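The values are calculated or read from the model by the stated rules, or taken from the named source; none is laboratory data. No experiment lies behind these values; they were computed from the predicted model shown. Cβ placement follows ideal geometry from the backbone for every residue including glycine, while neighbour counts extend to all protein chains displayed.
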Amino acid sequence: MILTEHYQTVALEDVTVWFKAAPVSAFPENGGACIKYKGLQIAVFNFTRRQEWYATQNLCPHKREMVLARGMIGTAGAEPKVACPFHKNTFSLKSGENLNGSQCALATYPVKIEDNYVYVGFRD
Ligand code: FES
């Protein structure tokens, strides 16, 4: 079982590996898809409306369900966010912070697009 503790936010300056995840076309517009890196499920979001990409752990810390890639994305003020499809806990896509409750924050990861491919940054 993958625990929340296995996920650790990676800052852009700490990236040591850019993992080539999938072509841009594999990610639905204004939605998410799940990728796997070394046993970790990572939710990658193609936020077309903002022309931004985000990556977070796929594991919702509430009931430890691997569901966040299927969450609805939107904005709260200026903050891009994802709502868990199960019980609607909402998290910032930028910081991972839980925006409406007491659940712990999500780990977040840098994303870059190169030659129509999506790369997610990790620290090995
Ligand atoms: S499992 Fe995500 S809010 Fe409950």
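In the range 101-120, what residues are over 18 Å from Cys34 (Cα atoms) and hydrophobic (A, V, I, L, M, F, W, C)?
Selection gives Cys104, Ala105.
Restricting Asn46, Asn89, Asn98, Asn58 to residues that are touching a Pro at 6+ places or on another chain (Cβ under 9 Å) and under 26 Å from Ser25 (Cα atoms) narrows the list to Asn46. Inspect the range 11-34 for any residue being within 15 Å of the chain's Cα centre (by Cα), more than 18 Å from Val120 (Cβ to Cβ), not in a loop (DSSP other than H, G, I, E, B) and not aliphatic (A, V, I, L, M) and give the result as yes or no. For the range 11-34, residues within 15 Å of the chain's Cα centre (by Cα), more than 18 Å from Val120 (Cβ to Cβ), not in a loop (DSSP other than H, G, I, E, B) and not aliphatic (A, V, I, L, M): absent.
Here's the yes/no breakdown for (1) touching an Asp or Glu at 6+ places or on another chain (Cβ under 9 Å); (2) in contact (Cβ under 8 Å) with a residue 60 or more places away in the chain; (3) closer than 23 Å to Glu13 by Cα:
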residue	(1), (2), (3)
Leu93	yes, no, yes
Gly96	no, yes, yes
Cys104	no, yes, no
Glu114	no, no, yes
Val120	no, yes, yes
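Answer yes or no as to whether Ser102 is modelled with pLDDT under 95, of a type in the set (Ser, Thr, Tyr) and within 16 Å of the ligand (Cβ to nearest atom). Spelling it out, Ser102 is indeed modelled with pLDDT under 95, of a type in the set (Ser, Thr, Tyr) and within 16 Å of the ligand (Cβ to nearest atom). Among all residues of the range 60-76, there is at least one that is more than 22 Å from His6 (Cβ to Cβ) and modelled with pLDDT under 95.
Looking only at the range 47-89, which residues are among the small types (Gly, Ala, Ser) and either within 11 Å of the ligand (Cβ to nearest atom) or in contact (Cβ under 8 Å) with a residue 40 or more places away in the chain (or both)?
If the condition is that a residue be among the small types (Gly, Ala, Ser) and either within 11 Å of the ligand (Cβ to nearest atom) or in contact (Cβ under 8 Å) with a residue 40 or more places away in the chain (or both), then Ala55, Gly71, Ala83 are the ones that fit.
Would you be able to say whether some residue in the range 7-28 is in contact (Cβ under 8 Å) with a residue 12 or more places away in the chain, surrounded by 14 or more Cβ atoms within 10 Å (Cβ to Cβ) and within 15 Å of the ligand (Cβ to nearest atom)? Checked the range 7-28: at least one residue is in contact (Cβ under 8 Å) with a residue 12 or more places away in the chain, surrounded by 14 or more Cβ atoms within 10 Å (Cβ to Cβ) and within 15 Å of the ligand (Cβ to nearest atom).
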